[in-house]
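In what follows, a structure is listed as structure tokens, so that the remarks can point back to it.
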Amino acid sequence: MAKKNKSGVGADSQPEATGGPQTRSVQQVEQIPVFDLIPYARNARTHSEQQVAQIAGSIQEFGFCNPVLIDGQNSIIAGHGRVLAAGRLNLQTVPCIRLTHLSDAQRRAYILADNRIALNSGWDTEMLANELSDLHADNLDLGLLGFDALELEKLSGFDIEPAEPPELASGDREPFQQMTFTLHDDQAKTIKDAIERAKAAGAFSGPNENSNGNALARIAEAYRG
């Protein structure tokens, strides 16, 4: 039986999260359908086809190790590139963590900070070269690491063949389509509210299992001539 300290809390137990800066890391990982995740319309970070292919290759090799960060309405806060790669790999769900403690301004600021702060780090080139050499000796495909072939050859001293991108599904997942819209924050809130009301109007019928897509179709049908 766990001993209790003077405050009455078990000595072997962990305190409950209260939302303070030191406890916000205690989060639940959820598996969310890819089609239910909503990209941030004002996301300033771009993802080229080459980078999405690199992310997909990393997921294929190592697994989906870094959960997508979302808000309470499934809007993506961090992980847009991973979600794009998951779509290309035809993954049905991805691991997500909800950040419900952020205000709207904090959420928008964190989207920028998460992308920018990582760029401010550097490399210990000697340590990096040693690690690349060891990984090459372990027969790991260095093309999975995100460096281009010239960088790898310069750092490791080995002749590196450019990595072949993974086989990805092309186009939409027929007969389904993915559509992206650019909205002002006020419009986005209106859309989210309308989607929730459409979902609450009753169950959906048909082959589409994506609740957001069904809700938008229900809204559109009300205005279709």
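Descriptive notes on the structure:
- Asp114 over 18 Å from the mean Cα position of the chain (by Cα), of a type outside the set (A, V, I, L, M, F, W, C) and modelled with pLDDT under 95: no
- Test: residue in region 122-140 that is of a type in the set (Gly, Ala, Ser), outside the structural domain of Ile70 (by TED's automatic domain parsing), modelled with pLDDT of 85 or more and within 23 Å of the chain's Cα centre (by Cα): no
- For Ala194, the conditions (1) in a helix (DSSP H, G or I); (2) at pLDDT 80 or above; (3) farther than 27 Å from Ala78 by Cα all hold with the exception of (3).
- Within region 46-73, the residues that satisfy the criterion of being within 11 Å of the chain's Cα centre (by Cα) and over 23 Å from Asp141 (Cα atoms) are Pro67, Val68, Leu69, Ile70.
- Being modelled with pLDDT of 50 or more and hydrophobic (A, V, I, L, M, F, W, C) is a property that Ala56 has.
- Residue pairs meeting the criteria (Cβ under 8 Å; at least 6 apart or on separate chains; first of a type in the set (Asp, Glu), in region 56-70; second surrounded by fewer than 19 Cβ atoms within 10 Å (Cβ to Cβ)): Glu61/Asp141; Glu61/Leu144
The values are calculated or read from the model by the stated rules, or taken from the named source; none is laboratory data. Owing to the predicted nature of the structure, the values given are computational and were not obtained by experimental measurement. Because the Cβ atoms are built from the backbone with ideal geometry, glycine has one as well, and the counts that use them run over all protein chains shown.
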